[in-house]
Each structure stands twice: as structure tokens, then as C-alpha cells.
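A.B. asks: Below is the structure I would like to discuss, written out as C-alpha cells.
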Amino acid sequence: MKRVITYGTFDMLHYGHINLLKRAKALGDYLIVVLSTDEFNWSEKQKKTYFSYEKRKQLLEAIRYVDLVVPENSWKQKVSDVKLYQVDTFVMGDDWSGQFDFVQDETAAEVVYLPRTPEISTTQIKKDLNEKSFTGKQ
Ligand code: C2G
């Protein structure tokens with residue numbers, strides 16, 4: 001069984017996230033998503049998520065590509081996660097390209113960066129919604 005792992009906030013789940021999860025799962029048989037907790041998002045990424053960890057976890061668990069969702073509490077847990085879950089492939093979108101190559105050096109896992117889906121992001125969704133509500137334009 002080939003195990004794949006990926007990390008993220010996955011707030012306001014959108015098709016860019018789904019595209020990533022679908023391609024990550026296609027690289028193996030079992031996909032583990034390590035989901036940033038609310039505290040981690042706030043303290044480490046200065047992100048205030050729209051949905052709580054529990055809600056974001058519930059959404060991810062409903063996706064056919066996702067087999068397990070566990071919490072991300074620290075930047076420093078990746079190597080131990082990969083070893084703990086006996087991961088073969090570590091996947092991230094290419095906005096992270098090069099940032100996690102150390103995982104390949106310190107574990108048996110291969111690190112893969114996948115192209116991001118263009119033109120969609122949680123930040124963009126929030127911006128568009130704010131503008132529409134402000135101008136009243138549809
Ligand atoms: N993503 C994508 N295309 C988009 C938006 C996001 O492929 N249009 C990918 C990102 O590259 C990432 C994943 O979806 O691999 C989750 O994105 P975020 O929730 O924004 O995750 P991020 O804040 O980058 O957290 O320790 C790593 C961090 O937890 C990653």
C-alpha cells in the first residue's frame with residue numbers, strides 16, 4: 001500500500017484544493033491530510049480561518065480521495081509524521097516548491113510539488129465577496 005501525505009489549512013474548501021487532493025491520491029493508495037489547527041493557523045500563518053478545525057476536518061473527511069485527517073500543530077512535525085505513518089510520497093502545491101526538500105533527505109519518502117490550480121484561492125474568494133457586498137454588483 002502506497003501512502004501519500006499532504007498538509008494545509010483547506011479553509012473554504014474549493015476546487016483548487018480538490019484538484020490537489022485528487023492528484024495526491026493518484027500517487028498512491030492512501031492519502032493522509034495533515035490539517036492546520038486553528039491555533040497553528042493563527043500563531044504561525046496569521047490566518048483566521050472562516051471554518052473551525054472541526055468543520056474543515058468534517059469537509060475533508062467527506063472527500064473520496066481523503067483517507068485520514070490528522071492535526072498539524074507545528075512546522076516541525078513533517079519528518080516525524082512521514083516516519084510515523086510510513087509515508088512513501090509527500091505532496092504539496094508548487095507554491096511550496098523547494099521548501100520541504102529536507103523531508104526527502106531525512107526520510108525514505110519522495111517529495112512531489114504539484115502545480116497549483118490557477119485563479120482560485122481562499123483569499124481571492126473572500127476579496128471577491130467583500131467587493132460584491134460593498135458595491136452591490138453581482
Ligand atoms: N492549492 C492548490 N491550488 C490552489 C490553492 C491551493 O494546489 N488554487 C494547494 C496548496 O498548494 C496546498 C494545498 O492546496 O498544497 C492547501 O492549500 P492551503 O490550505 O492554502 O495550505 P497552506 O496554507 O499552504 O498550508 O505546513 C504546510 C502548510 O500547512 C500548508
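A.B. asks: Can you name the residue in the stretch 21-37 that is hydrophobic (A, V, I, L, M, F, W, C) and part of a helix (DSSP H, G or I) and, of all such residues, is farthest from residue 64 (Cα to Cα)?
C.D. replies: 24
A.B. asks: Turning to a different aspect of this structure: Any chance the stretch 53-63 includes a residue that's in contact with a Lys or Arg (Cβ under 8 Å, 6 or more places away or on another chain) and either away from the ligand (no atom under 12 Å from the Cβ) or closer than 20 Å to residue 109 by Cα (or both)?
C.D. replies: No.
A.B. asks: Among the residues of the stretch 1-20, how many are more than 8 Å from the ligand (Cβ to nearest atom) and either assigned to a strand (DSSP E or B) or of a type in the set (A, V, I, L, M) (or both)?
C.D. replies: Selection size over the stretch 1-20: 7.
A.B. asks: Could you identify the single residue in 47, 78 that is part of a loop (DSSP other than H, G, I, E, B), within 10 Å of the ligand (Cβ to nearest atom) and in contact (Cβ under 8 Å) with a residue 24 or more places away in the chain?
C.D. replies: Testing whether each residue is part of a loop (DSSP other than H, G, I, E, B), within 10 Å of the ligand (Cβ to nearest atom) and in contact (Cβ under 8 Å) with a residue 24 or more places away in the chain leaves just 47.
A.B. asks: Going through 129, 114 one at a time, which residue ends up being under 15 Å from the mean Cα position of the chain (by Cα) and within 18 Å of residue 14 (Cβ to Cβ)?
C.D. replies: After applying the criteria, what remains is 114.
A.B. asks: Please determine whether any residue of the stretch 82-98 is near the ligand (Cβ under 10 Å from one of its atoms), in contact with a helix residue (DSSP H, G or I) (Cβ under 6 Å, 6 or more places away or on another chain) and not in a loop (DSSP other than H, G, I, E, B).
C.D. replies: The answer is yes; a qualifying residue exists.
A.B. asks: Another question, if that's okay. Which of the residues that make up the stretch 86-138 are closer than 13 Å to residue 24 by Cα, open to solvent by 70 Å² or more (accessible area, probe 1.4 Å) and aliphatic (A, V, I, L, M)?
C.D. replies: Selection gives nothing.
A.B. asks: Which residue pairs have Cβ atoms closer than 6 Å, lie 6 or more positions apart in sequence or on different chains, and pair a first residue in the stretch 25-40 that is at pLDDT 95 or above and crowded, with 19+ Cβ neighbours inside 10 Å with a second residue that is hydroxyl-bearing (Ser, Thr, Tyr) and in a helix (DSSP H, G or I)?
C.D. replies: Correct list of pairs: 37/53.
A.B. asks: Could you look through the stretch 41-80, keep only residues that are surrounded by 17 or more Cβ atoms within 10 Å (Cβ to Cβ) and within 20 Å of residue 103 (Cα to Cα), and pick out the one that is farthest from the chain's Cα centre (by Cα)?
C.D. replies: Looking at residues that are surrounded by 17 or more Cβ atoms within 10 Å (Cβ to Cβ) and within 20 Å of residue 103 (Cα to Cα), I get 78.
The values are calculated or read from the model by the stated rules, or taken from the named source; none is laboratory data. All values reported here derive from a predicted model rather than from experimental measurement. Ideal geometry is used to build each Cβ from the backbone, glycine not excepted, and the neighbour counts take in all protein chains shown. Remember, those area values only see protein heavy atoms, side chains included, never the ligands or the DNA or RNA. Shrake-Rupley method; radii C 1.70, N 1.55, O 1.52, S 1.80 Å.
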